[in-house]
Each structure stands twice: as structure tokens, then as C-alpha cells.
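Engineer: Take this structure first; my questions come after.
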């Protein structure tokens with residue numbers, strides 16, 4: 001087993017030694033709802049590929065499911081019921097406490113933890129090399145880790161939802177791992193954090209806030225700068241649009257032309273939902289534009305944007321714009337050809353967890369510019385965003401809170417003499433890269449960037465690693 | 001004005017250049033109640049010298065009192081009423097935003113902020129040298145900064161008190177200073193944190209948790225290691241006892257003999273309260289054993305422990321032990337000779353803020369050993385401590401929470417490659433020094449220790465500084 005004081009540098013080495021940068025499958029999704037409505041933006045797809053179809057993966061990665069009873073509010077002493085936090089654990093390759101076997105902790109995102117576990121091969125594959133325990137704690141209010149006894153109760157109203165925050169989730173992770181280490185007499189075992197997208201943000205923030213709990217973090221596609229005015233609000237949609245433009249200008253123009261078409265669609269009952277449905281697909285496609293077939297969001301071919309554009313551009317001359325669009329979009333929603341019809345919105349109440357988080361602290365202002373974006377023009381308007389959140393949840397967002405609590409403004413100055421052992425990894429084709437850390441902050445807080453990279457599947461990096 | 005990139009090193013230089021180490025007047029007090037009862041321990045004296053008698057000091061330090069409306073719970077989105085946080089501000093010497101004038105922020109402790117402001121001369125005196133703004137935000141639930149409209153409502157029960165935590169207080173400071181800087185277009189102005197005792201703990205923790213908000217911290221007499229089993233629980237009372245022993249072994253023995261005497265005092269209605277009253281005085285005396293007259297806790301002569309022991313030892317042969325004790329204790333409680341009788345307990349409901357904090361997260365286990373302590377033998381018993389807290393507040397303490405949230409266990413390993421710009425200053429006669437950081441952690445997280453030092457008054461350091 002490796003010398004533990006060198007654990008984090010070795011992990012950095014493994015990652016930098018590969019020619020293709022590792023990024024765990026990004027969950028990062030679109031924030032598009034507000035383009036056509038006042039609803040709070042979402043992070044995670046509501047149309048995600050069901051995890052039930054991924055049984056093959058589940059069989060490959062073995063883990064036990066356990067539960068830990070957490071304080072509902074770590075930061076107050078209200079007499080609240082505890083809730084069970086699920087975590088997945090594998091100690092098969094762990095070197096144990098005597099040999100200070102490390103603990104690889106993946107920071108659960110906004111969804112069922114099993115989904116992230118089976119899609120984060122990198123962690124599983126490097127764990128044996130380090131004699132590491134693998135731990136996937138679930139994020140509160142997602143999957144099975146819901147307070148108040150059931151998802152229905154937990155999502156009932158603003159009061160029951162009020163403890164769904166990133167700070168509480170980080171405290172959950174810290175309490176869980178501290179307790180677990182104590183029970184295993186493993187206090188001396190170093191913890192390394194992993195995470196992608198929102199989970200990557202959590203990994204970076206956790207290393208900053210709990211340095212005594214974890215010695216380092218690999219934060220992939222983690223848009224911790226996508227708040228306030230740190231990056232221009234057009235960044236995200238410009239990047240999605242560019243991903244299409246670089247495949248085909250005519251494809252880009254067709255989609256851009258859609259806006260005009262929609263103005264004619266008065267008879268469509270739910271224009272907004274249809275627009276959301278299409279917009280989401282384009283954003284997700286940009287996020288999972290892998291060079292090989294994948295099935296994280298949906299079953300997709302390699303280079304899915306290229307495939308979409310092929311279908312759009314490939315229609316015979318004179319084909320109506322909507323027909324072209326639907327030809328293309330089927331690559332995303334129905335690549336296997338199994339679906340007979342599409343469900344535009346499978347979450348009609350909008351009460352999913354990420355909507356709540358976006359309406360409280362995760363306020364990421366996003367606009368769509370006239371010139372560079374293929375989306376309808378939209379200027380983020382905080383007042384109407386706030387109104388929408390009030391209507392949906394009866395809650396008032398705190399748009400400045402995340403940067404106050406976690407920083408972000410002038411991040412280089414703040415962290416160049418503070419903190420260590422954080423890797424921010426990004427592929428520049430990933431639309432979330434625009435809000436991520438793309439430059440080294442210090443010798444040990446570093447950015448790994450692939451120019452032509454989309455979030456790359458762990459399998460690829462591991463293949464590269466093996467070929468070294 | 002100094003080059004701002006060097007601001008913090010220069011402050012370190014000023015402090016290390018003096019022969020006597022600066023420690024702001026420590027508030028740190030005794031945790032003695034549990035020696036004789038199950039009540040939660042207190043930090044701050046309930047017999048403290050009234051601030052009303054310190055008008056002279058108040059006139060010396062000029063400030064405006066302002067109010068900022070804070071979220072009651074920064075970490076949840078319950079619909080709770082905001083509360084006014086008081087802060088004292090002085091911009092007289094501030095170089096302003098264009099010249100990046102620094103902001104010196106004293107982290108308010110568990111009491112009225114004016115009391116701390118007038119007793120923290122160091123901050124006032126170095127501010128003009130740096131062109132610094134001086135800011136003293138009050139800690140929530142103390143002084144005028146109480147939620148729910150009044151102290152009575154705020155302290156009504158465990159629910160109303162539940163937001164009185166260190167994490168919330170730090171978030172208050174972060175939100176206040178971020179908002180203030182924005183309003184003054186002073187985002188580029190560096191913030192330096194100051195604090196003593198609990199305020200020193202807050203300063204250190206704030207630098208660790210909010211490095212993007214403050215560039216450094218001077219944490220004086222900050223016992224951030226007085227939790228769990230990090231230091232032996234006998235540390236505090238051994239240090240108090242040693243302070244007496246070094247003045248006079250017979251004085252030490254007289255006080256130690258008191259225990260035996262008390263076993264005879266069956267007719268005293270409130271033995272516990274009397275014991276508390278005496279025990280407190282000894283602990284406070286050790287904390288304010290300055291070499292010159294002072295009036296922070298009470299009006300006291302220079303070297304007050306020496307004076308106490310003189311009176312105890314000076315009684316004619318044959319004087320009863322209790323008489324000696326009362327002769328001595330009068331130095332602390334009645335040095336001016338103005339009091340005709342003593343109030344043993346001026347807070348009969350025990351509902352003061354620190355008791356709550358000690359019964360929730362600030363669980364500092366303290367024992368009194370047989371051999372080295374002059375206090376009655378006592379082994380900290382968590383079960384009975386918990387019972388006492390349940391009886392008094394209806395709350396269950398979280399004794400492991402502070403070390404999970406802020407660290408402390410194996411602090412050198414955790415921070416030697418993480419964090420920067422924290423000075424821990426301590427005098428070894430101060431009984432809180434035992435739970436403080438007494439060794440350098442890294443090049444920029446340093447300990448300044450005076451072997452023979454008690455917490456030394458700012459005036460002294462400034463005198464030394466001027467003589468350089």
C-alpha cells in the first residue's frame with residue numbers, strides 16, 4: 001500500500017498521468033425552466049434513465065446498504081426527529097485501521113445514491129490500488145434518505161423542506177464519517193473526497209470546511225463559481241450552443257430557428273412544457289457528449305450531439321423545422337426506439353429536491369444571449385425568479401448566501417494562501433465548465449482542464465491508466 | 001498605510017516585537033458549577049463588574065451603535081423572524097475603499113458587546129496605524145442582539161434558544177461584514193479578526209471556515225482544544241490551583257482544606273451556591289492575575305492572587321479556615337470595600353446564554369484531581385451532565401459536535417498543510433491556556449506563548465510597542 005502521507009499527491013499523479021482527464025459522470029443539468037417560465041431551475045434531469053435498467057452495473061460494484069441516524073438540523077437545537085441517512089459501503093479491499101487504509105468518500109448528489117455509485121467507476125477501480133474503503137453516503141432528502149418518515153411528508157411544504165441545504169448535507173457527511181471511523185478505530189485513516197457536478201461542489205466545499213475530516217478532494221465539473229455575478233450569466237447556454245455549432249452550423253441554426261416556429265404553435269396546450277422538454281435535452285446532450293456509447297442520463301450513441309445534428313441536417317429539403325427537431329431530439333429521448341410516446345413532465349408538482357435547492361440557496365443566474373445562444377433570448381430577472389419561488393414553495397431565495405458561506409468571489413486571492421489538496425477537473429465542452437475553477441489557485445489547489453473534453457467516463461481513464 | 005498584502009505579517013510582527021505578549025482581556029471563566037451540582041458550566045462570570053462603572057473607558061473609545069437584520073437560522077429556510085444584530089463601528093481612522101483600508105473585526109463574545117469594546121484597547125490602539133476601520137459585532141442572544149423581540153422571549157425555552165450556536169454566530173459575522181463591505185464598495189478591503197476567550201475561539205474558527213471573508217485572525221486565550229478528550233479534563237483546575245500554589249503553598253493548602261470544612265456546613269441552606277461562589281472567584285482570579293490593577297471582571301489590585309494569599313496567610317494563628325477564606329475572597333468580590341453583603345446567585349433561573357451553549361455544543365469536560373487541584377475532587381460524568389441539561393433546558397447536548405464541525409483532534413496534522421494566518425496567543429498562567437494551541441502548527445498558524453504570562457492588558461503591549 002502507498003505511503004499515506006503521499007496519498008493525495010499519488011491520486012493527483014494517477015489523474016494527471018492519463019491523457020484523458022477523468023470526470024465522473026456529470027449530473028449537471030440544465031437550468032432551463034426559467035427560460036420559458038418562472039419556475040425554479042433544476043440541476044438533475046427529471047427524464048433521467050431509470051436506474052432499474054442498470055442492473056448489470058450494480059452487479060459489477062458490490063456494496064452493502066446501511067443507515068445512520070442524523071440530526072435533521074445540525075446548526076440548531078430544535079427538538080426535531082432524526083432521519084435515516086443511507087450509505088453504501090464496500091470494505092473488500094480496505095487495508096484496515098492498522099495499515100491506515102484510506103477511505104474514498106463520494107459526496108452524494110441530488111438523487112438516489114445507487115445511481116451515482118454505479119456510474120462512478122473511477123472510485124471503484126482505484127480503490128483496490130490504495131487498499132481503500134469505498135463509501136457513498138446519500139444526500140439528505142434524496143433516494144431513501146428522507147426525514148419525517150416518507151418522501152411525501154418530507155416534501156410536503158417549506159417547513160418540512162427547510163433542512164434541505166448543502167451545509168446540512170456536508171455536516172451529515174462529516175458526522176457520518178467521524179462516527180464510522182470511531183466505531184472502526186479508524187481515526188487515523190485518511191479520507192479522500194470525490195464528487196461530480198453538485199457532488200463535486202460538495203466535495204470541494206467539504207475539503208474547505210472540514211479539512212480535519214478529509215485530506216483532499218477531487219471535484220469534477222463542479223460549477224462553484226456559477227453564483228451571483230462571478231461568471232457572466234450567458235456562459236452556460238453559450239457553451240451548450242457552441243457544442244452544437246462545432247458539429248454543424250446548420251444544425252445550430254435550425255434549433256435557433258425553433259424560437260420563431262414556436263411563436264406559431266398557439267394550439268399547443270403546453271408550449272412551456274414542450275420548450276422545457278427540448279431545451280433540457282440539448283443541455284444534457286452537451287453534458288454527456290461522450291465519444292462512446294453511454295447510459296448515464298439516457299441510452300445514447302457515442303458523440304450524441306453529432307448524431308442529433310446528423311438527423312436534423314439529414315432531413316430532405318423542405319422538411320418542416322419541427323419535424324427536423326423531433327428527428328434530432330429522438331436521439332436523446334428515444335435512441336433505443338422503444339418509446340411510443342413521450343411524457344413531457346413526470347413531476348407535475350415541481351416539488352422535487354433540486355427545485356427547492358435552486359429556490360433557496362443554489363441561485364445560479366442564467367441568461368441566454370441573442371448572438372451566441374441557440375436558445376430563446378432570456379435575461380435572468382431576479383425579481384421574477386423570486387416571485388416564482390414564492391409561488392411554488394412559499395420561500396424567499398437567498399441569492400448571496402452561497403458566496404458568503406463558501407466564497408467564490410475572487411477565489412484566487414482567498415485561497416492562494418489558504419487550503420490545499422483540491423483538484424478541479426473539467427472538460428471544456430461540458431457547459432458547466434464555464435462556472436468551474438479552470439486555473440490553478442495554488443500548488444495544491446489545481447485545475448485539470450481538457451480543451452476538447454466532455455465529462456469522460458471512468459472506464460476511459462482507467463483504460464488509459466492501465467496502458468501507461 | 002502599509003502594503004496590504006503584508007497586512008497580516010505586519011500585525012504578527014507588531015505582536016512578536018513586544019516583549020510581553022498581547023492577550024485581549026480574557027472572558028474565559030470557570031466551568032465550576034458541575035463540581036457541586038449538575039448544572040451546566042458557565043464561561044462568563046455572572047458576578048462580572050458592571051459596565052456602567054466603566055464610563056471613562058467608553059468615552060475613550062468612540063463608536064456608533066448600528067443594527068443589522070440577520071436571519072435567525074442561516075442553515076435552514078424555516079420562515080423565522082429576523083433579529084437586529086447590534087454592531088459598534090468606528091471609521092475615524094479608516095483609509096477607505098480606494099486605499100483598501102483594512103477592517104478590524106472583533107468577534108463578539110457571550111456578553112454585551114460594549115463591555116468587550118471598552119476592554120479591548122489593543123484593537124483601538126493599532127487601528128490608526130493601519131488606517132483601519134474598527135468593528136465590534138455583538139454575538140446573537142447577548143446584549144441587545146436578541147431575537148423574538150426581547151431577552152425574555154428569546155430565553156423562554158429550548159425552542160426559542162435553539163439558534164444560539166457558534167455556527168450561527170459566525171454566519172452572522174460573515175453576512176454582516178459581506179453586506180457592509182458591499183454597501184461601502186469596500187469588497188477589496190481586507191478583514192482581520194480579533195477575539196479573546198470564546199471570542200478568540202470564534203476568531204480562529206471564522207478564519208478557518210470563512211477564509212474568503214477574513215485574511216487572518218488573532219485568537220487570544222482561545223481554548224479550542226478543551227473538548228472531548230483532546231486535553232486531560234483536569235487541566236483547567238490544575239492550572240488555577242498552580243497559580244495559587246506558586247504564590248503560597250499554605251494559601252493553596254488552606255483553600256484545599258475548605259472541602260473538609262464544607263462537609264461540616266450542614267446547616268448552610270445553599271452549600272452548593274456558596275461553593276460555586278468561591279470556586280468561581282478562584283478561577284476568575286487566575287484568569288485576570290495581571291501585574292497591575294485592572295477592572296475587567298471586578299476592580300482588582302495588581303497580582304490579585306498574591307493579595308488573596310496574603311490575606312489568607314496573614315490571619316492570626318488559630319483563625320478558623322472559613323474566616324481565612326472570606327478574608328481572601330473579599331479581594332475578588334469586594335476590593336473597593338463598598339459591598340455590605342454578597343449576592344450568591346443573581347441569575348436564579350440559570351437561563352443565561354452561556355449555560356445554554358455549554359449544555360448544547362460547548363461541552364468542555366472538566367475534572368478536579370486529588371493530588372494537584374485545590375478544588376474538591378470531581379470526575380466529569382457525562383451522563384449526569386446530560387441529565388442536568390435536560391432538567392434545566394430540556395435539551396440533549398451534542399458533546400462531539402464541536403470537534404466534528406471545527407476539528408481539534410490531532411490539529412497539527414489537520415492544519416499543517418491547510419489554512420494560514422492564525423495567531424494563538426496565551427499566557428501560561430491563564431488556566432485556559434491548557435486547552436489552547438501552544439505550539440506552532442505551520443509557518444503561518446503560530447502560537448505565541450509567555451511562560452509567566454497571564455492575559456496581559458492591551459495597554460502594556462502598546463506601551464512596549466511604543467518603546468521599540
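The values are calculated or read from the model by the stated rules, or taken from the named source; none is laboratory data. All values derive from a computational prediction rather than experimental measurement. Quick reminder, even Gly has a Cβ in these numbers, built from the backbone with ideal geometry, and neighbours come from all protein chains shown.
Engineer: What about residue A:125, is it part of a helix (DSSP H, G or I), without any contact (Cβ under 8 Å) to a residue 12 or more places away in the chain and either closer than 30 Å to residue B:206 by Cβ or more than 16 Å from the chain's Cα centre (by Cα) (or both)? Give the derivation first.
Structural biologist: Working: part of a helix (DSSP H, G or I): yes; without any contact (Cβ under 8 Å) to a residue 12 or more places away in the chain: no; either closer than 30 Å to residue B:206 by Cβ or more than 16 Å from the chain's Cα centre (by Cα) (or both): yes.
Considered against the rule, which asks whether it is part of a helix (DSSP H, G or I), without any contact (Cβ under 8 Å) to a residue 12 or more places away in the chain and either closer than 30 Å to residue B:206 by Cβ or more than 16 Å from the chain's Cα centre (by Cα) (or both), residue A:125 comes out as no.
Engineer: Could you list, in sequence order, the residues of region A:217-263 that are assigned to a loop (DSSP other than H, G, I, E, B) and more than 14 Å from chain B (Cβ to nearest Cβ)?
Structural biologist: Within region A:217-263, A:221, A:222, A:223, A:226, A:231, A:232, A:233, A:234, A:246, A:247, A:248, A:263 qualify.
Engineer: In region B:317-329, which residue that is under 12 Å from residue B:277 (Cβ atoms) and without any contact (Cβ under 8 Å) to a residue 60 or more places away in the chain is surrounded by the most Cβ atoms within 10 Å (Cβ to Cβ)?
Structural biologist: So, considering only residues that are under 12 Å from residue B:277 (Cβ atoms) and without any contact (Cβ under 8 Å) to a residue 60 or more places away in the chain, the one surrounded by the most Cβ atoms within 10 Å (Cβ to Cβ) is B:329.
Engineer: Turning to a different aspect of this structure: Every residue in region A:231-259 that is within 21 Å of the chain's Cα centre (by Cα) and surrounded by fewer than 17 Cβ atoms within 10 Å (Cβ to Cβ), please.
Structural biologist: Result: A:232, single match.
Engineer: Quick check: is even one residue across region A:144-153 within 12 Å of another protein chain (Cβ to nearest Cβ), surrounded by fewer than 19 Cβ atoms within 10 Å (Cβ to Cβ) and not in a strand (DSSP E or B)?
Structural biologist: Among the residues of region A:144-153, not one is within 12 Å of another protein chain (Cβ to nearest Cβ), surrounded by fewer than 19 Cβ atoms within 10 Å (Cβ to Cβ) and not in a strand (DSSP E or B), which makes the answer no.
Engineer: Can you name the condition, by its number, that residue B:109 falls short on among (1) part of a loop (DSSP other than H, G, I, E, B); (2) buried (at least 17 other Cβ atoms within 10 Å of the Cβ); (3) within 14 Å of another protein chain (Cβ to nearest Cβ)?
Structural biologist: (3)
Engineer: Of A:136, A:130, A:77, which residue is closer than 30 Å to residue B:389 by Cα, at pLDDT 95 or above and buried (at least 18 other Cβ atoms within 10 Å of the Cβ)? Lay out the reasoning, then the answer.
Structural biologist: Numbers: A:136 fails: closer than 30 Å to residue B:389 by Cα; A:130 fails: closer than 30 Å to residue B:389 by Cα.
Step by step, each of A:136, A:130, A:77 is checked, and only A:77 is closer than 30 Å to residue B:389 by Cα, at pLDDT 95 or above and buried (at least 18 other Cβ atoms within 10 Å of the Cβ).
Engineer: So if I check each of A:117, A:203, A:188, which one is touching a strand residue (DSSP E or B) at 6+ places or on another chain (Cβ under 6 Å), closer than 27 Å to residue A:419 by Cα and either outside any helix (DSSP H, G or I) or away from chain B (no Cβ under 14 Å) (or both)?
Structural biologist: Exactly one residue qualifies, and that residue is A:203.
Engineer: Pick out the one residue from A:417, A:404 that is facing chain B (nearest Cβ under 10 Å) and not in a loop (DSSP other than H, G, I, E, B). Walk me through it before giving the result.
Structural biologist: On the way: A:417 fails: not in a loop (DSSP other than H, G, I, E, B).
Residue meeting the stated conditions: A:404.
Engineer: Still on this model: State whether one or more residues within region B:128-142 are in a helix (DSSP H, G or I) and either in contact with a strand residue (DSSP E or B) (Cβ under 6 Å, 6 or more places away or on another chain) or within 14 Å of another protein chain (Cβ to nearest Cβ) (or both).
Structural biologist: No.
Engineer: Could you tell me which of the residues B:174, B:214 is under 22 Å from residue B:127 (Cβ atoms), more than 15 Å from the chain's Cα centre (by Cα) and within 8 Å of chain A (Cβ to nearest Cβ)?
Structural biologist: Values: B:214 fails: within 8 Å of chain A (Cβ to nearest Cβ).
Answer to the selection: B:174.
Engineer: Another question, if that's okay. Only residues that are more than 11 Å from chain B (Cβ to nearest Cβ) and in contact (Cβ under 8 Å) with a residue 60 or more places away in the chain: list them for region A:155-171, please.
Structural biologist: Correct list: A:155 only.
Engineer: Additional query: Given A:383, A:369, A:373, which one is more than 14 Å from every other protein chain (Cβ to nearest Cβ), out of contact with any strand residue (DSSP E or B) (no Cβ under 6 Å at 6 or more places or on another chain) and modelled with pLDDT of 95 or more?
Structural biologist: Details: A:369 fails: modelled with pLDDT of 95 or more; A:373 fails: modelled with pLDDT of 95 or more.
Residue meeting the stated conditions: A:383.
Engineer: Within region B:380-396, which residues are in contact (Cβ under 8 Å) with a residue 60 or more places away in the chain and either part of a loop (DSSP other than H, G, I, E, B) or under 29 Å from residue A:173 (Cβ atoms) (or both)?
Structural biologist: B:380, B:385, B:389, B:393, B:394, B:395
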